[in-house]
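Here's the structure, in C-alpha cells; my notes come after.
The values are calculated or read from the model by the stated rules, or taken from the named source; none is laboratory data. What you see is a predicted model, and the numbers here were worked out from it, not measured in a lab. All Cβ positions, even for glycine, are placed from backbone atoms using ideal geometry, and neighbour counts span all protein chains on display.
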Amino acid sequence: MRIPLVDLRRQHRSIRRPLLSAIKRVFKSGRFVLGEEVARFEREWAAYCGVPYAVGTSSGASALHLAMLVLNIGPGDEVITVPFTFIATVSEITRVGARPVFVDIDPRSYTLDIAKLREKIERDYYFDERIGHLVNRATQRRLKAILPVHLYGQMADMEPLRELARRYGVRLIEDAAQAHGAEYRMNDGQQTATFKAGSLGDLGCFSFYPSKNLGACGEAGAIVTREEAWARRLRCLVNNGRSPEDPDRHLEEGFNYRLDALQAAILRAKLRYLDRWNERRRELAALYRLALSDVEEIVLPEEMPYARHVYHRYVVRVPDRDRVRRALSEQGIETAAPYSVPLHLQPAYRHLGYRAGDFPVAEACARTVLSLPLYPELREKDIRRIARALRAALRPHSR
Ligand SMILES: *Cc1c(COP(=O)(O)O)cnc(C)c1O
C-alpha cells in the first residue's frame, strides 16, 4: 500500500455530507460569483483570524499581489523577504515592479532570521527623515515592506518584526499561506496573549490551495487586515475596480481576483474542522518525534517557544536526502523536498545577481529538507511504517 504525501480523498470522504450540502446550497442559490457565501466566508475567516476584515481572493498569489498594491509598493521600492519559500512570495513583489531583497532564514524555525535582518538594515539602509523611509545606500530604493513567511506551519518571530517595522516606518505583510490557525504567543509584561497567523502584520495573505491546512476544491485565497480603508480598496480591486455601492462605477482599474462562491461554501464547511485537523496534525507530529528522536542523523522540526506549530508539512533534514527519498519511494512512501532550489539560485531570478553561498542556511536546508506524509487522516501505523523505512534508509547496514 502506497502512502501518499497528501491524501485529500480521505478527508473528503470523512466530511462528505457537509461538503455536498454546501455545494447544493450554491446551486440552489444560482449565485456562483461573490454573493452571500463569499460574504459569509469572509466574515467567518476574519473572526477566526481575530481581525475585523477578510477579503476573499482567487489564490494566495493574487492576495500577495493585492497586498503590494494596497501598500503602494512599486518601482523604486524594495521588499525584504526570504529566499527559502514558494516562488509566489517573491513573484508578487516583482510583479508590481519592486525589487525583492533576501535575508537568510533561521536554522531552527526556517523563517526569517531576525538578527540577520537587523544587521542587513543597519548595514545597507539609512533612514531618510524627509520621506520617513529607510533607503538603500547602494540602490537608493525605499524599503517599503518586510514579508515574513510562516513556513511549514510555524510563524516567523513577529514581535521583533513589529518593533522594527514601527521604528523604521516599514510595512509588514505576512505570507500565511502555510499557517492557517498557527499561533504566536506574546507577553506584554504581565499577560500572555496568543495571536493567529495573519493578524500581526498590516496585511495577512492566505492561500486555500487544496493541500493547505484549510484547502478549497480548486483555487482560492484571502487577505486579512485590521484597516477598514484597505479592506474597502481590496474589495474593489478584486472585482475589476467596481464600486461596492454602485456597480456601474469603476473607481480604478482592478482585476478579476474574486473568490468563487462554490469555493467559499466549501471553505465554510471545512473551516468548522480546521482546529480539530490542526490538533490532529500536532498529535501525529508528536508521534513522528517519538519514533525518530533517537536517530541522530535526522534533524526534527522544532516548535519555537513563541509558537503553536500547525504542521502544514512535517519536514525533517537528513544527509544524502535524494538517496533517502528514493529508498522511501521504493517502499511506497511518497515524500517531497520543499524547497530543493532556493529562490536566489533559480533561473527566474538570475538577474537579481545573487550567487551560491549568499544564503548558507537556506542552501543547507535546500540540500537536506525532506517532507514526510502528514495529514489529519494519516494513520498511526503509517507513521510507524514511515519511521521504520526512514531509519532503514539512513542506516542500511544496521538492523
Ligand atoms: C501556496 C503558497 C502560496 C501561493 O498560493 P496559491 O494559492 O498557490 O497562489 C504563496 N506562498 C506560500 C508560502 C505558499 O505555500
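Does any residue of segment 8-16 turn out to be farther than 19 Å from GLY218 by Cβ and within 20 Å of the chain's Cα centre (by Cα)? Scanning segment 8-16, I find no residue that is farther than 19 Å from GLY218 by Cβ and within 20 Å of the chain's Cα centre (by Cα), so the answer is no. Of all residue pairs spaced 6 or more apart or on separate chains, those with beta-carbon atoms under 7 Å, a first member in segment 305-330 that is in contact (Cβ under 8 Å) with a residue 60 or more places away in the chain and a second member that is part of a loop (DSSP other than H, G, I, E, B) and of a type in the set (Lys, Arg) are HIS312/LYS212. Within segment 349-377, track down each residue that is out of contact with any strand residue (DSSP E or B) (no Cβ under 8 Å at 6 or more places or on another chain) and in a loop (DSSP other than H, G, I, E, B). Answer for segment 349-377, where residues must be out of contact with any strand residue (DSSP E or B) (no Cβ under 8 Å at 6 or more places or on another chain) and in a loop (DSSP other than H, G, I, E, B): GLY353, ARG355, ALA356, GLY357, TYR375, PRO376, GLU377.
So, in segment 45-79, how many residues would count as being in a helix (DSSP H, G or I) and among the small types (Gly, Ala, Ser)?
7
Within segment 252-295, the residues that satisfy the criterion of being touching a strand residue (DSSP E or B) at 6+ places or on another chain (Cβ under 8 Å) and among the hydroxyl-bearing types (Ser, Thr, Tyr) are TYR257, TYR288.
Filtered by the rule that a residue be in contact with a Pro (Cβ under 8 Å, 6 or more places away or on another chain) and away from the ligand (no atom under 16 Å from the Cβ), segment 159-178 gives a lone residue, LEU161.
Could you check segment 346-360 and list, in sequence order, the residues that are touching a residue at least 24 places away in the same chain (Cβ under 8 Å) and either under 17 Å from TYR288 (Cβ atoms) or not charged (D, E, K, R) (or both)?
Applying the first criterion (touching a residue at least 24 places away in the same chain (Cβ under 8 Å)) to segment 346-360 yields 346, 348-349, 352, 354, 358-360.
Across segment 346-360, the qualifying residues are GLN346, ALA348, TYR349, LEU352, TYR354, PHE359, PRO360.
Looking only at segment 87-101, residues that are surrounded by fewer than 24 Cβ atoms within 10 Å (Cβ to Cβ) and either under 17 Å from the mean Cα position of the chain (by Cα) or within 16 Å of the ligand (Cβ to nearest atom) (or both) come to 7 in all.
Residues that are aliphatic (A, V, I, L, M) and farther than 11 Å from VAL224 by Cα are absent from segment 44-54. Going through (1) touching a Ser or Thr at 6+ places or on another chain (Cβ under 7 Å); (2) farther than 21 Å from LEU64 by Cβ; (3) within 16 Å of the ligand (Cβ to nearest atom) one by one, ALA222 falls short only on (2). Confirm whether ALA337 is over 28 Å from VAL101 (Cβ atoms) and of a type in the set (Gly, Ala, Ser). Answer is no for this residue.
Taking segment 50-66 as the range and being under 15 Å from GLY254 (Cβ atoms) and either within 7 Å of the ligand (Cβ to nearest atom) or among the hydroxyl-bearing types (Ser, Thr, Tyr) (or both) as the test, the residues that pass are THR57, SER58, SER62. Answer yes or no as to whether ALA364 is under 18 Å from LEU112 (Cβ atoms), surrounded by fewer than 17 Cβ atoms within 10 Å (Cβ to Cβ), within 24 Å of the chain's Cα centre (by Cα) and small (Gly, Ala, Ser). Spelling it out, ALA364 is indeed under 18 Å from LEU112 (Cβ atoms), surrounded by fewer than 17 Cβ atoms within 10 Å (Cβ to Cβ), within 24 Å of the chain's Cα centre (by Cα) and small (Gly, Ala, Ser).
Of the residues making up segment 164-184, those that are among the aliphatic types (A, V, I, L, M), in contact (Cβ under 8 Å) with a residue 60 or more places away in the chain and touching a Cys at 6+ places or on another chain (Cβ under 8 Å) are ILE173, ALA177. The residues listed here are PHE41, PHE84; of these, the one that is within 16 Å of the ligand (Cβ to nearest atom), within 30 Å of ALA389 (Cα to Cα), modelled with pLDDT of 95 or more and in contact with a Leu (Cβ under 8 Å, 6 or more places away or on another chain) is PHE84.
Under 16 Å from ARG268 (Cα atoms) and either modelled with pLDDT of 95 or more or in a strand (DSSP E or B) (or both): is that true of LYS28 in this structure?
no
The conditions of being within 24 Å of the chain's Cα centre (by Cα) and either more than 16 Å from the ligand (Cβ to nearest atom) or surrounded by fewer than 20 Cβ atoms within 10 Å (Cβ to Cβ) (or both) are met by GLU334.
Only one entry of GLY215, GLY198, GLY181 meets the criterion of being within 11 Å of the ligand (Cβ to nearest atom), within 19 Å of GLY60 (Cα to Cα) and either small (Gly, Ala, Ser) or out of contact with any Gly (no Cβ under 8 Å at 6 or more places or on another chain) (or both), and that entry is GLY215.
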